[in-house]
Amino acid sequence: MDDGIVGYVPEDGIAGYIPSGKYANVCRACVDRIVAEESRRHKNARDRDRAVRNRLYQITGAYSRHGAAARAFERGLDDKLRGLDPANPAGWRADCLAEHASTRERLPALMEFYGYIKDICSSAAVVADYGCGLNPFALPLWKPDGLTRYEAYDADTRCVDYANALFRRMGLPEAARALDLVAETPRTTADAALLLKLLPVLDMQRVGRGLELLRDVASPIKVVSFPLAGLSGTDRARRIGGTAARFERDAVEAGLTVVESRRVGSEMVFVISN
């Protein structure tokens with residue numbers, strides 16, 4: 001299977017790509033931005049292509065399953081959703097979370113993590129999830145009683161489609177949307193916002209974008225988390241003190257308040273207010 005990107009040259013003469021294989025589901029705006037940026041940095045086509053692939057991998061390629069595994073998940077998704085009783089969500093098996101690396105890492109501390117999220121967001125009617133991945137599939141485990149809408153944003157169009165299928169089953173509006181969060185901040189107001197493991201990914205794309213988005217998100221409560229281990233499993237706990245102190249310092253300088261911080265499973269979680 002092709003896991004690369006197919007080149008083309010638009011009318012304006014800037015080299016671009018039609019994503020295919022493992023990158024076929026990256027939203028168009030995200031691809032076009034990366035191509036434009038790397039075209040300015042690299043005159044050599046091979047160097048440019050390599051840089052584009054590396055950045056697309058950082059956004060989605062490193063996190064989601066591809067090929068046969070992804071197709072098998074899609075075939076079984078309807079059956080999984082039929083097993084969800086919106087009136088009794090406690091029986092929901094959140095094994096869908098294993099299909100995305102970010103939420104798969106959370107499984108050993110699943111109930112502890114989402115119990116904490118539920119405590120923070122208990123009174124929320126609208127929740128916004130930035131860089132959602134498959135995190136919406138944990139919603140049946142912690143859904144606030146008064147929730148009326150769950151906004152979800154991701155650069156991977158498959159995650160967006162999966163989330164909207166879940167929302168239909170739960171009787172919620174289909175409020176998931178594909179978006180390039182490096183270039184755009186959604187114009188939405190929520191009672192609580194989730195930015196889980198997102199800031200480091202944004203900062204790899206554009207330095208300082210993570211904190212910028214955090215500041216611009218229109219929500220009184222913002223839940224931010226950082227991974228304590230890399231995707232390879234390398235433990236970074238010995239450096240978390242410096243990371244936490246640096247983030248708290250930067251957040252305060254940006255006019256934000258760190259209400260509390262806590263290690264939960266393999267993540268360091270911060271509760272932020274404006």
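The values are calculated or read from the model by the stated rules, or taken from the named source; none is laboratory data. Being a predicted model, the structure only gives us computed values, none of them experimental. FYI the Cβ positions are ideal-geometry reconstructions off the backbone, even for glycines, and counts take in every protein chain you see. Surface areas here come from the heavy atoms of the whole protein model, side chains and all, with no ligands, DNA or RNA. Shrake-Rupley method; radii C 1.70, N 1.55, O 1.52, S 1.80 Å.
Within segment 129-150, the set of residues being open to solvent by 10 Å² or more (accessible area, probe 1.4 Å) and farther than 17 Å from residue 169 by Cβ comprises 131, 145, 146. Applying the set (1) touching a Lys or Arg at 6+ places or on another chain (Cβ under 7 Å); (2) part of a loop (DSSP other than H, G, I, E, B); (3) surrounded by 19 or more Cβ atoms within 10 Å (Cβ to Cβ) to residue 183 leaves exactly one unmet item: (3). Once segment 87-105 is narrowed to residues that are over 24 Å from residue 148 (Cβ atoms) and open to solvent by 30 Å² or more (accessible area, probe 1.4 Å), the residue that is modelled with the lowest pLDDT is 93. Within segment 211-225, restricting attention to residues that are in contact with a strand residue (DSSP E or B) (Cβ under 8 Å, 6 or more places away or on another chain) and farther than 12 Å from residue 185 by Cβ, the residue that is modelled with the lowest pLDDT is 225. Selection of first residues in segment 24-38 that are within 18 Å of residue 50 (Cβ to Cβ) and of second residues that are of a type in the set (Lys, Arg), restricted to Cβ pairs under 7 Å at least 6 apart or on distinct chains, gives the following pairs, ordered by first then second residue: 34/55; 38/48. For first residues located in segment 156-180 and more than 17 Å from residue 130 (Cβ to Cβ), partners that are charged (D, E, K, R) and not in a helix (DSSP H, G or I) and lie 6+ apart or on another chain with Cβ distances below 7 Å form the pairs 168/174; 172/149; 173/149.
Assuming residue 164 fulfils every condition listed in (1) open to solvent by less than 10 Å² (accessible area, probe 1.4 Å); (2) in contact with an Asp or Glu (Cβ under 8 Å, 6 or more places away or on another chain); (3) of a type outside the set (Val, Ile, Thr) apart from one, which condition is it? Failing condition for residue 164: (1). For segment 17-42, the tally of residues that are outside any helix (DSSP H, G or I) and either on the phi > 0 side of the Ramachandran plot or at pLDDT 85 or above (or both) stands at 3. Return a yes/no flag: does segment 185-207 have any residue that is of a type in the set (Asp, Glu) and modelled with pLDDT of 95 or more. Yes; the residues of segment 185-207 include at least one that is of a type in the set (Asp, Glu) and modelled with pLDDT of 95 or more. Within segment 106-121, not a single residue is of a type in the set (Gly, Ala, Ser) and either under 16 Å from the mean Cα position of the chain (by Cα) or surrounded by 20 or more Cβ atoms within 10 Å (Cβ to Cβ) (or both).
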